[in-house]
Ligand code: ADP
């Protein structure tokens, strides 16, 4: 097992990884920008290294600075968390070339899944159902029109290098197609330096359901059930639950089996998530994330399995210590992503936290680096806390979440706490009756 792990991230996920390491007897090295000198993960880590100025490009994305910090601190391994360098196959290779272990899958698997066209092709070849669409990049408008005509409008133009909902444009009719293609290409080029796009059927009102898998590369592959991440704004997840109100045990087993079989044949190693859209009882693969997900705690709550610990064990060459039959799903869990932004306008609201009181009690978990007096810097993602609630049933979970939200105090900045209160009080949410478009309709942004 590793003696020392460098955490190449910030905020709540840096703290999350620190906690798993400490419980495994592993020393931690935090890296931070000058904007994060007072961050909780820096305070708690055994060692910390400043790697650059606030701009992420010069700090959390600064590969030479991060690898140098790991070498100088004599770390054995680097955990990338999510975002930043977590899905950068070149970073994974460089880490390994320096004699360090990258806590994640192989660079080849990261590269394959990072190209969404290659990922979809690979999954289809492995028997995973996917959204109908072009079977490769589409460069000519005439070719796009022919493919869109075949699959039927509306269609969605997506960037091969996509992520965070960027480079995605809907064409309702053939007349919209040229401008949608042009916009998707230029957005993709600006965001991912790659303007290749592909076409998918635009589903009317699917749910987003994803399957968490763990694989040790020795033929042991398990799934930890699904998460329903349909509550989204601008293709970004806002609230997630496990299990999905739309699935029963049979459907869960079925999609879990399909995912595990594909992952086993790929020879994939470490944690991963297969994302699907689910409509009219059918699953359609959209992408695979080769990293820890923000919403992993809901899965931990219903399985009792520490996913970060398993990532570290697998990276250290240890086999999975359990089989599929050992995974027992218990109760229901919901996560609310609390962002430093207005619940009404969604304008970012960085600044000083004047008062902070996280909720507690049975079945309540808060993953956050907040404390009173801390200043949320304006330079990074607005996620400041995750509230995760577990209950024996979905109803118990909802009642507990309601009271936990009422207990939660974050003063000095605006947050999305009020938005969560609004969501969970709505009859549709209480009934589990929502799809990926529901939230935007609720907040008046349907479009
Ligand atoms: P990204 O990598 O940018 O997050 P994804 O492929 O994961 O892109 O899609 C993000 C979200 O966009 C999905 O959760 C879903 O809400 C929506 N979406 C993606 N593909 C489709 C589709 N074919 N039809 C309808 N909605 C889609």
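All of the numbers you see were taken from the coordinates with simple rules; none came from a lab. Note that the structure is a prediction, hence the values are computed from the model and not measured. So basically every Cβ, Gly included, is an ideal-geometry build from the backbone, and we count neighbours across all protein chains shown.
Looking at 83, 136, 127, which is the one that is crowded, with 21+ Cβ neighbours inside 10 Å and part of a loop (DSSP other than H, G, I, E, B)? None of the others qualify; the one that does is 83. Per the conditions (1) more than 30 Å from residue 13 (Cβ to Cβ); (2) in contact with a strand residue (DSSP E or B) (Cβ under 7 Å, 6 or more places away or on another chain), the sole criterion not satisfied by residue 156 is (1).
Residue 136 falls short on exactly one of the conditions (1) touching a helix residue (DSSP H, G or I) at 6+ places or on another chain (Cβ under 9 Å); (2) under 22 Å from residue 196 (Cβ atoms); (3) without any contact (Cβ under 8 Å) to a residue 12 or more places away in the chain, and that condition is (3). Taken together, the residues in segment 195-230 that are over 30 Å from residue 417 (Cβ atoms), within 14 Å of the ligand (Cβ to nearest atom) and touching a helix residue (DSSP H, G or I) at 6+ places or on another chain (Cβ under 6 Å) amount to 4. When you go through 233, 251 one by one, which is the residue that is within 13 Å of the ligand (Cβ to nearest atom), more than 13 Å from the chain's Cα centre (by Cα) and surrounded by fewer than 23 Cβ atoms within 10 Å (Cβ to Cβ)? Within the list 233, 251, the selection yields 233. Within the bounds of segment 362-374, is there any residue that is in contact with a strand residue (DSSP E or B) (Cβ under 8 Å, 6 or more places away or on another chain) and surrounded by fewer than 14 Cβ atoms within 10 Å (Cβ to Cβ)? Yes, because at least one residue in segment 362-374 is in contact with a strand residue (DSSP E or B) (Cβ under 8 Å, 6 or more places away or on another chain) and surrounded by fewer than 14 Cβ atoms within 10 Å (Cβ to Cβ).
Checking the condition under 25 Å from the mean Cα position of the chain (by Cα), in contact (Cβ under 8 Å) with a residue 40 or more places away in the chain and assigned to a helix (DSSP H, G or I), which residue from 20, 69 passes? Unique residue meeting the criteria: 20.
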